[in-house]
Amino acid sequence: MAWFTSSSSKPENNTNSSFREDRSKCWEARDAYFTCLDAAEVVVAGTEGSKCAAARKVYEQNCAKSWIDYFNQRRVLAEKQKPLLAQAATQAAQARRP
Amino acid sequence: VFTPKAAALFVLAGSGLFFYFRWEKQRLQEQKQKEMESRSVGRAHVGGSFEMTTHDGKPFTDKDLLGKWSLIYFGFTNCPDICPEELDKMSAAVTELDKSFGPIVQPIFISVDPARDTLPQMARYVSDFHPRLIGLAGDYATTKATCKAYRVYFSTPPGTKPGDDYLVDHSIFFYFMDPDGNFVDAFGKSSTEVDVVERVKREIEEWKAGKGRLA
């Protein structure tokens, strides 16, 4: 039972690949899905309706649910932080001007 | 008798003493400054005794930290991206340090997820990183005690089962310990590999200057 603890939390039951490979697969699937969402101008994953359905399926197949929730939440947070970061950058630039 | 010769001698002795004392005071001040900067002053009490098991199934306690510099990262194998990134950073730093000093820095990964991070799981996980990376795990009580000693926050509740799917919230630092097992510094997410290498190098060289050996 102990041997398959990693695969039980991920749909991918492949114990021949290393964890690093599994992670890469998930990240790539996530990046493909998020790129599609960016193109559709959707921030909150799951609200895009039927767009990006194929990318979403691959994403859900390759990543654990806890990871999916985490990445989706982080995407929303990153979007929220964008104006703040832009403001910080402008302030920094202004401060540097003599 | 107050002769010009006696007066000259007096002035000479006086000025000699004046300059000597000034030099001595300067020297003492520099020494104090050095002591302030040195290892024993102003360091947090992080660390302490712990007993865990390595990914190879061998016992490992705080005593096993002695005689080597250590970089200790707390995380869990089901971590989405932060733990692998930090461990990659740590592994790269150790590889770089190996080039300068040989294998005197010991990278360690301690699990904060006792339910899922079994020894085989840990063994498989650490094989992705530096060849000398040691994975340590223990039961819930041990994990909690070790985290407390290192002031690491972690959110795993006691009742989790191996098949559960959850993420563990935990503080993201790796701790740099000296060959006496004492805490030196902590590196966060914003530290780069270069920062780590430089800090460790500086500490090792200071140690060598004081003790005449690398660890």
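All of the numbers you see were taken from the coordinates with simple rules; none came from a lab. Treat the numbers as computed from the prediction; the structure is a model and nothing was measured. Virtual Cβ from ideal backbone geometry, glycine too; neighbours counted across all protein chains shown.
Overview of results
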quantity: The protein assembly as shown: proportion of alpha-carbon pairs further apart than 29 angstrom, %; calculated: 52
quantity: In sequence order, calculated HN-Hα J values of segment A:38-47 (Karplus, 6.51, -1.76, 1.60; Hz; x Gly/Pro); calculated: 4, 5, 7, 6, 10, 9, 7, 5, x, 9
quantity: Square roots of 5 times each gyration tensor eigenvalue, C-alpha, chain B, largest first, Å; calculated: 51, 17, 14
quantity: FRET efficiency for A:ALA86 and B:LYS161, using Cβ-Cβ distance with R0 set to 41 Å, rounded to 0.05; calculated: 0.40
quantity: Segment A:14-96 - convex hull of alpha carbons, volume per residue in Å³; calculated: 113
quantity: GNM flexibility winner over chain B from B:GLU35, B:GLU96, B:GLU51 (Cα, springs under 10 Å); calculated: B:GLU35
quantity: Residue exposure sequence - B:PHE21, B:PHE187, B:PHE74, A:PHE19 - by fewest surrounding Cβ within 10 Å; calculated: B:PHE21, A:PHE19, B:PHE187, B:PHE74
quantity: Max mean-square fluctuation residue, GNM over chain B, Cα-Cα springs under 10 Å, options B:PRO107, B:PRO120, B:PRO84; calculated: B:PRO120
quantity: Isolated Cys residues of chain B, judged by Cβ distance under 4.7 Å to other cysteines; calculated: B:CYS147
quantity: Lysines whose Cα lies under 26 Å from that of B:LYS208, excluding same-chain neighbours fewer than 8 positions away; calculated: B:LYS32, B:LYS34, B:LYS63, B:LYS68, B:LYS89, B:LYS99
quantity: Likely footprinting exposure, B:ARG116, A:ARG20, fewest C-beta neighbours within 10 Å first; calculated: A:ARG20, B:ARG116
quantity: Highest-MSF residue in chain B out of B:GLY135, B:GLY188, B:GLY47 [GNM, Cα springs under 10 Å]; calculated: B:GLY188
quantity: Under-24-angstrom lysine pairs by C-alpha in segment A:14-96, whenever the two are 8 or more apart or on separate chains; calculated: 7
quantity: Likely footprinting exposure, A:GLU21, B:GLU203, fewest C-beta neighbours within 10 Å first; calculated: A:GLU21, B:GLU203
